[in-house]
Amino acid sequence: MRGHYLCVLLMLSGLALAEPIRLNTHDLSPYSWPTENGQAEGMAVRVVQCAAARLGETVRIQFYPWPRAQSLVREGVDDGFFAASQSAERDQYATLSASIAPQQWRWYLLAGSTLDPLSAEFHRSASVGSFRGGNMLDSLRSRGFQVAAAPTQNENLLEMLLAKRVDAILANHLVMNQLIEQRGLLGQLRSVLDQDKPLGVYFAKTFLQRRPAHFMADWNKAVEACRRKRGE
């Protein structure tokens with residue numbers, strides 16, 4: 001009887017270990033996007049999947065609006081979200097992994113604008129915007145910028161700049177550069193670096209408590225190996 005009980009426990013333990021890691025992301029090319037058949041694709045997705053495979057793990061990647069992707073982890077429903085940059089607010093309930101993809105926060109202005117995003121005058125008086133749900137918008141507000149636009153889509157953010165509803169926008173360089181190229185706007189805009197903010201996976205602290213203490217160290221090593229393999 002005791003042996004049977006132990007066998008059942010081992011079986012249940014094996015099932016628990018087989019559970020996929022539940023990770024949330026959002027539609028943000030070139031980092032992550034859903035394909036027509038419902039699969040996840042993108043430069044960040046590929047590194048996450050590669051790292052998981054190296055550790056013998058499986059991941060279930062779900063797409064949500066970015067604020068919802070994060071709140072589901074904060075509420076303990078899911079295990080993590082990506083691709084995300086560090087913030088004090090996120091650090092309260094989750095732990096950030098090693099970088100899975102590069103990111104620069106860059107100011108984008110119309111090519112003819114004479115404003116200097118790094119000047120005190122710009123800081124005081126320029127009307128600016130950024131993507132809702134991201135660290136950039138929180139940073140603008142905390143730094144005292146005059147935030148006049150916070151759409152949920154980067155496409156809308158670009159439209160607001162083109163329509164001169166804002167003087168400048170703060171955006172992810174890979175995302176916005178791709179949009180600018182797709183829209184045939186090269187030469188019509190200019191950009192200025194604000195800061196480098198690499199992206200990683202935020203794992204819920206409650207999830208990490210259920211895993212071996214070395215999980216994060218192992219994950220980070222796997223991420224670095226996967227990025228080296230991809231030549232990044």
Counting only DSSP beta bridges fully inside the chain, the antiparallel percentage to nearest 5 is 60 percent
In nanometres, the difference between 0.36 nm per residue of separation and the alpha-carbon distance of residue 217 and residue 64 is 52.3 nm
Check: C-alpha center segment 99-119 vs C-alpha center segment 26-80, spacing in Å is 27 Å
Once the in-chain neighbours fewer than 8 apart are removed, the lysines whose Cα is under 29 Å from residue 221 read 197, 205, 229
Calculated from DSSP helices alone, with each H run of at least 4 adding -39500 (n - 2.57) and the total divided by the residues of the chain, [θ]222 nm to the nearest 500 comes to -12000 deg cm²/dmol
Charge dipole of the chain built from unit charges on the beta carbon (Lys, Arg +1; Asp, Glu -1), centred at mean Cα; most positive-end Cα among 59, 135, 105 is 59
With all protein chains in place and a 1.4 Å probe, residue 152 shows an accessible area in Å² (nearest 10) of 70 Å²
In degrees, nearest 10, the alpha-carbon axis of helix 215-229 is tilted away from the dominant principal axis of the alpha carbons of the chain by 60 degrees
For 170-176, 122-128, ranked highest to lowest by mean beta-carbon neighbours within 10 Å, the order is 170-176, 122-128
Scalar couplings 3J(HN,Hα) for segment 108-121 by Karplus 6.51 cos²θ - 1.76 cosθ + 1.60 (θ = phi - 60°), nearest whole Hz, x for Gly and Pro, are 10, 10, 4, 4, x, 6, 9, 5, 10, x, 9, 8, 5, 5
Rg/Rh of the chain (Cα atoms, Kirkwood Rh), to two decimals, equals 1.06
If R0 = 25 Å, then residue 148 and residue 188, at their Cβ-Cβ distance, give a FRET efficiency to the nearest 0.05 of 0.75
Surrounding charge for residue 38, neighbours by C-beta under 14 angstrom, Lys/Arg +1, Asp/Glu -1, total -2
Using eta = 0.890 mPa s and T = 25 °C, Stokes-Einstein with Kirkwood Rh from Cα pairs puts D for segment 100-232, in µm² s⁻¹, at 148 µm²/s
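The values are calculated or read from the model by the stated rules, or taken from the named source; none is laboratory data. This structure is a prediction, so every number in the text was calculated from the model and none was measured. Positions of Cβ are backbone-derived with ideal geometry, glycine not excepted, and every protein chain shown enters the neighbour counts. Side chains are part of the model used for accessible areas, which takes the heavy atoms of the whole protein and leaves out ligands, DNA and RNA. Shrake-Rupley method; radii C 1.70, N 1.55, O 1.52, S 1.80 Å.
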